[in-house]
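Would you mind keeping the following structure in view while I ask a few things?
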Amino acid sequence: NAGVTQTPKFQVLKTGQSMTLQCAQDMNHEYMSWYRQDPGMGLRLIHYSVGAGITDQGEVPNGYNVSRSTTEDFPLRLLSAAPSQTSVYFCASSLRRTTNYGYTFGSGTRLTVV
Amino acid sequence: AQSVTQLDSHVSVSEGTPVLLRCNYSSSYSPSLFWYVQHPNKGLQLLLKYTSAATLVKGINGFEAEFKKSETSFHLTKPSAHMSDAAEYFCVVRPTTGGFKTIFGAGTRLFVKA
């Protein structure tokens with residue numbers, strides 16, 4: 001049981017480049033989400049999904065797109081990278097929509113935009 | 001409106017002494033409350049959760065937390081710190097109604113001295 005798998009672990013981009021951060025879970029979790037972690041700011045929600053075909057914005061969605069074509073996968077796309085998107089990105093999943101369930105987190109992707 | 005405040009950005013204890021990490025929350029609804037731990041260069045791991053059952057919640061690695069509604073607090077404690085407890089700890093609040101907006105505290109970094 002792999003849990004939540006994120007790839008890549010590290011990435012350096014030039015300003016204006018695009019890329020996709022991959023997230024996959026094998027626990028049949030209904031809810032998936034993307035967070036970014038910046039020093040002193042905790043984790044901030046970028047986008048989330050409550051099931052295949054359903055996504056919605058979190059508190060910092062600008063510059064990011066997501067899709068959820070399958071239950072297992074929830075990729076995060078940066079269309080035109082900016083230095084402000086330098087951060088550590090975490091994918092998290094939860095069994096159900098309800099709040100009784102905690103999250104399972106991936107190990108993170110450290111992104112640097114130069 | 002919801003918010004969560006971790007009262008200390010850094011806590012330093014000696015090995016074998018008690019640990020107290022403080023968390024206050026504000027929520028318009030009855031919340032679910034969580035504590036997560038993040039070791040360096042790792043994802044977040046669920047320590048424990050409160051979901052309106054017993055107010056004293058026991059988690060992994062000897063940690064526990066007490067939900068005090070009158071004080072709107074959910075402090076994390078451990079009777080005796082171990083070197084392996086050195087990490088960053090996040091207090092998290094999720095509403096039991098009204099959507100899926102999860103709020104992370106800014107984190108408390110725990111240092112354990114030998």
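The values are calculated or read from the model by the stated rules, or taken from the named source; none is laboratory data. Owing to the predicted nature of the structure, the values given are computational and were not obtained by experimental measurement. Because the Cβ atoms are built from the backbone with ideal geometry, glycine has one as well, and the counts that use them run over all protein chains shown. With ligands, DNA and RNA removed, areas are computed over all heavy atoms of the protein, side chains included. Shrake-Rupley method; radii C 1.70, N 1.55, O 1.52, S 1.80 Å.
With the requirement that a residue be in a strand (DSSP E or B) and away from every other protein chain (no Cβ under 14 Å), what does region B:75-92 give you?
Selection gives B:75, B:76, B:77, B:78.
Scan region A:6-27 for residues that are buried (at least 20 other Cβ atoms within 10 Å of the Cβ) and within 13 Å of chain B (Cβ to nearest Cβ) and jot them down.
Scanning region A:6-27 gives A:6, A:23, A:25.
Which members of region A:49-68 meet the condition of being surrounded by fewer than 15 Cβ atoms within 10 Å (Cβ to Cβ) and of a type in the set (Gly, Ala, Ser)?
A:51, A:53, A:63
Does residue A:30 satisfy being within 12 Å of chain B (Cβ to nearest Cβ) and open to solvent by 20 Å² or more (accessible area, probe 1.4 Å)?
For residue A:30, the condition - within 12 Å of chain B (Cβ to nearest Cβ) and open to solvent by 20 Å² or more (accessible area, probe 1.4 Å) - is met.
Take the conditions outside any loop (DSSP other than H, G, I, E, B) and more than 16 Å from residue A:8 (Cα to Cα) and apply them to residue A:55. Does it pass?
It is true that residue A:55 is outside any loop (DSSP other than H, G, I, E, B) and more than 16 Å from residue A:8 (Cα to Cα).
Grab the strands (runs of 3 or more DSSP E) fully contained in region B:1-55, keeping just those with 3 or more residues being in contact with a Cys (Cβ under 8 Å, 6 or more places away or on another chain) and within 12 Å of another protein chain (Cβ to nearest Cβ).
B:3-6, B:31-38
Looking only at region A:76-86, count how many residues are surrounded by 16 or more Cβ atoms within 10 Å (Cβ to Cβ) and either farther than 18 Å from residue A:103 by Cβ or of a type in the set (Phe, Trp, Tyr) (or both).
4
Here are some residues: A:36, A:44. Which one is at the interface with chain B (Cβ under 8 Å from one of its Cβ atoms), open to solvent by 20 Å² or more (accessible area, probe 1.4 Å) and either under 19 Å from residue B:44 (Cα atoms) or not in a strand (DSSP E or B) (or both)?
A:44
Let me ask something else about it. From the list B:102, B:77, B:108, B:72, which residue is hydroxyl-bearing (Ser, Thr, Tyr) and under 23 Å from residue A:48 (Cβ atoms)?
Just one listed residue meets the conditions, B:102.
Going by the conditions given, is residue B:85 out of contact with any helix residue (DSSP H, G or I) (no Cβ under 6 Å at 6 or more places or on another chain), surrounded by 12 or more Cβ atoms within 10 Å (Cβ to Cβ) and over 30 Å from residue A:3 (Cα atoms)?
Answer is no for this residue.
Mind counting the residues in region B:100-114 that are in a loop (DSSP other than H, G, I, E, B) and in contact (Cβ under 8 Å) with a residue 12 or more places away in the chain?
5
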